[in-house]
Amino acid sequence: IMMDELNHYCDTVSQDSFEVHPHTLLGWVVIDGFLMILATFLYNMQFRFISFLLTLISTINFVLEFIMYKEFLDPLFPKRISTNVIGVRKATGQVKRIAIFNGHTDSNYEWRYNYLGGGHFLAFIVFVGIISIIVSLIFHIILFRSYNNYFAIAQLCLLPFYGAILFFTNWNKIVPGANDNLSGTVMAMAVAKYLAENNIRFENTEVRIVLTGSEEPGLRGAKDYVRRYKAELTDPNVETSFFAFDTLRDLTDMAIYTRDLTGTVQNDLRVATIMKRAASLGGFDAEFRTLFFGASDAAAISQGGVPAATFAAMDPTPASYYHTRRDSPEDLEPKAIGYALDVAMGSLFIFDEEGLSGA
C-alpha cells in the first residue's frame, strides 16, 4: 500500500528485505521472569552459585536487549522477513545533500499493564521488576561468602513481581498502531506528496522517504538501512540528515529528542537544532528532550555515524494508547501530524539552503 502511494510522488520506489526475530525484544522479559523465579527458589534451597549465575544472566539480558538493543537473544526466537520501503525524489543537478524523512511501519504486541492500569501502573511494574533484578545481583555479590536468610526472604517477597513480568506482553493482541507509528509514516509520505503536488524539486538535495519495518523489536529496520547504505550516507562529499518522526499525537508533548535509546545515544544536535528552527517557523516551540525509556530509529542511524534526530509528540508517562488496543484511528490527532509536517518541510528547506550549518 505504501509503495503504491509513494509511486505517485517519487522517481523510484524500492524495498529492502531483511531477517528479523520479532519476539526478541519482549521475549527477554519472559526469559528474565523465569530465570529470577528459578534463582529465588534455588537460593532458598542454598544453591547460591547457580542462583547468582541466573541473576547475572538476567541482568546481562536486560542490559544488552533493553539498554543497548543488541541482537543478543535473537537466535532463540523464530526468524521472519521484514521490509524497508524507500522512495526517492532525485535532485536536478549534482547531489550535495540527502534529506531523509522516516517513520516506522510496524506496531507492537499489547503491553498488558499499560492497557489495564495506565502509564503509571506500567512504570511501577517495569521499575520494580528491573530494580529487583539489579539489586538482587548486587546483594549476591555483597553476600557471596555465605547464605543469608534475610536476603532469601526478600527474594521470596519479590516473587509476585517476577511472576508479573511473565505476563507483561499480551502475545494474542497486536495493537493497531495508528499513532505509533502510522502517524509518523503518513507524515513522512506527505513530504513527498507535498513536493510532487507543488512541483518542487531541489537542484542539489535528494529527498528520501524511508519507511522502516521492525522498529518495535529493536530498531532492526533502521539498523539494516544504515548498514546497507553506510558508504553513501557517510560520503564526506555529501551531507546527509535523517529526520525521524514517531508517534504524532499529544500537542502538549511535541519535542525533539537529542538523546535516545534510554538516554545512552547522543543524536546529532545540528539536525535537532534545524528541526527546532523549523518548529519556530511553524509558530510553535519544540523543546529538546531525552528519550529515557525505549528508542527511536534515529538512535540506530546515529550509532551508524549518520546525523539524525527525532521529532515526536507523545506523553512520556507513557500515554494510555501506547502499545495498547486504544492506539486506533479514532484516537488520531490530525493537528499533531500537521505540526510535524511543518517541522519536516521547514527542516527540508533549511537543510537545502544551508546544510547542517543551518543549525
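The values are calculated or read from the model by the stated rules, or taken from the named source; none is laboratory data. Worth saying up front: this structure is predicted, and the values here are computed from it rather than measured. Here the Cβ is made from the backbone with ideal geometry for all residues, glycine too, and neighbour counts use every protein chain on show. Note: areas computed on protein heavy atoms with side chains; ligands, DNA, RNA excluded. Shrake-Rupley method; radii C 1.70, N 1.55, O 1.52, S 1.80 Å.
What residues qualify as long-range amide H neighbours of HIS104, i.e. H under 5 Å apart, gap of 5 or more or another chain, H built at 1.01 Å from N?
Excluding prolines and chain starts, which carry no amide H, the hits are THR185, THR212.
Quick one: among TYR113, TYR43, TYR257, which has the greatest mean-square fluctuation in a GNM of the chain with alpha-carbon springs under 10 angstrom?
In the Gaussian network model the winner is TYR43.
Using a 7 Å offset from the Cα along the Cα-to-Cβ direction at both GLU287 and ILE142, what is the distance between the two label points in nm, to one decimal?
3.5 nm
Given the convex hull of the Cα atoms of segment 19-62, what is a quarter of its surface area in nm²?
Working: hull surface 12.1 nm².
Averaged projected area of segment 19-62's Cα convex hull equals 3.0 nm².
Give me the log10 of I(q) over I(0) for segment 300-359 at q = 0.17, 0.23, 0.26 Å⁻¹, as the Debye formula computes it from C-alpha points; what are the numbers?
For segment 300-359 at q = 0.17, 0.23, 0.26 Å⁻¹, log10 I(q)/I(0) is -0.81, -1.03, -1.10.
ALA196 to ALA154: FRET efficiency via 1/(1 + (r/R0)^6), r the Cβ-Cβ distance, R0 56 Å, to the nearest 0.05? Write out the running numbers ahead of the final one.
Values: r = 63 Å, r/R0 = 1.12.
Computed FRET efficiency for ALA196 and ALA154: 0.35.
Trypsin sites (Lys or Arg not before Pro) within segment 227-333: which are DSSP loop residues with at most 11 other Cβ atoms inside 10 Å?
Numbers: sites: ARG227, ARG228, LYS230, ARG249, ARG259, ARG270, LYS276, ARG277, ARG289, ARG325, ARG326; in loops: ARG249, ARG325, ARG326.
Filter output for segment 227-333: empty list.
What residues of segment 22-64 lie in the reach of a label at LYS70, counting those whose backbone N is under 14 Å from a point 7 Å from the Cα along Cα→Cβ?
Within reach of a label on LYS70: 57-64.
Which value, in Å² and to the nearest 10, is the accessible area of CYS10 when all protein chains are kept and the probe is 1.4 Å?
Only protein atoms counted, so the area is about 20 Å².
Can you list, largest first and rounded to whole Å, the semi-axes you get for segment 1-118 by taking the square root of 5 times each eigenvalue of its Cα gyration tensor?
Working: eigenvalues 389, 51, 31 Å².
Each semi-axis is the square root of five times an eigenvalue, giving 44, 16, 13 Å.
Name the most mobile residue of TRP111, TRP28, TRP171, meaning the one with the largest mean-square fluctuation, in a Gaussian network model of the chain with Cα contacts below 10 Å.
TRP171
Sorted from largest down, give the three principal axis spans of the alpha carbons of segment 138-204, whole angstrom values.
75, 34, 12
Which whole-number value in Å² is the accessible area per residue of the chain, probe 1.4 Å?
With the other protein chains kept in place, the chain gives 43 Å² per residue.
Roughly what percent of Cα-Cα pairs across segment 210-269 reach past 16 Å? Walk me through the numbers on the way to the answer.
Numbers: 1058 of 1770 pairs.
Cα-Cα pairs in segment 210-269 separated by more than 16 Å: 60 percent.
For a label point 7 Å from the Cα of LYS96 along Cα→C-beta, name the residues of segment 182-226 whose backbone N is under 20 Å from it.
Answer for segment 182-226: 200-208.
Sum up the charges of everything whose Cβ sits under 13 Å from the Cβ of TYR109, counting Lys and Arg as +1 and Asp and Glu as -1, but leave TYR109 out. Please list the in-between numbers first.
Numbers: positive: ARG112, LYS173, ARG325; negative: ASP106, GLU110, ASP180, GLU216, ASP327.
Taking every other residue near TYR109 into account, the sum is -2.
Return the distance in nm (one decimal) between the two label points of a simple spin-label model at PHE167 and LEU116, each offset 7 Å from Cα along Cα→Cβ.
The answer from the label model is 0.4 nm.
With θ taken as phi - 60° and the coefficients 6.51, -1.76 and 1.60, list the Karplus ³J(HN,Hα) couplings across segment 247-262 in order, rounded to whole Hz; mark glycine and proline as x.
Using θ = phi - 60°, the values come out as 6, 9, 9, 9, 5, 7, 10, 6, 8, 10, 9, 8, 10, 9, 6, 6 Hz.
Given the C-alpha centroids of segment 148-206 and segment 69-144, what is the distance between them in whole angstrom?
7 Å
Would you check the accessible area of PHE168, probe 1.4 Å, heavy atoms only, in square angstrom rounded to 10?
20 Å²
If every alpha-carbon in segment 149-261 counts as one equal scatterer, what log10 I(q)/I(0) does Debye give at q = 0.10, 0.15, 0.23 1/Å?
Scattering profile of segment 149-261, log10 relative to I(0): -0.52, -0.92, -1.42.
Work out the length of the dipole vector of the chain about its Cα centre, built from +1 on the beta-carbon of each Lys and Arg and -1 on the beta-carbon of each Asp and Glu, and round it to the nearest 20 debye. Display every interim value, and only then the final one.
Numbers: 28 positive and 38 negative charges, 202 e Å.
Dipole size: approximately 960 debye.
Can you show me the helix-derived [θ] at 222 nm for the chain, built from DSSP H runs with n ≥ 4 at -39,500 (n - 2.57) apiece and divided by the number of residues, rounded to the nearest 500. Before the final figure, lay out the partial values.
Numbers: 12 runs with 155 residues, N = 359.
Helix contribution divided over all residues of the chain: -13500 deg cm²/dmol.
Would you work out what percent of the accessible area of the chain, with all protein chains in place, is carbon or sulfur (probe 1.4 Å)? Before the final figure, lay out each step's value.
Numbers: 9150 of 15430 Å².
After summing per-atom areas, the C and S share lands at 59 percent.
Taking every pair of alpha-carbon atoms in the chain, give the share separated by more than 38 Å as a whole percent. Provide the component values of the computation, followed by the final result.
Numbers: 14299 of 64261 pairs.
Above the 38 Å cut-off, the chain has 22 percent of its Cα pairs.
Could you tell me what fraction of 2.2 N^0.38 Å the Cα radius of gyration of segment 47-203 comes to, as a two-decimal ratio? List each step's numbers first, then the result.
Details: Rg = 23.4 Å, N = 157, 2.2 N^0.38 = 15.0 Å.
Computed over Cα atoms of segment 47-203, the ratio equals 1.56.
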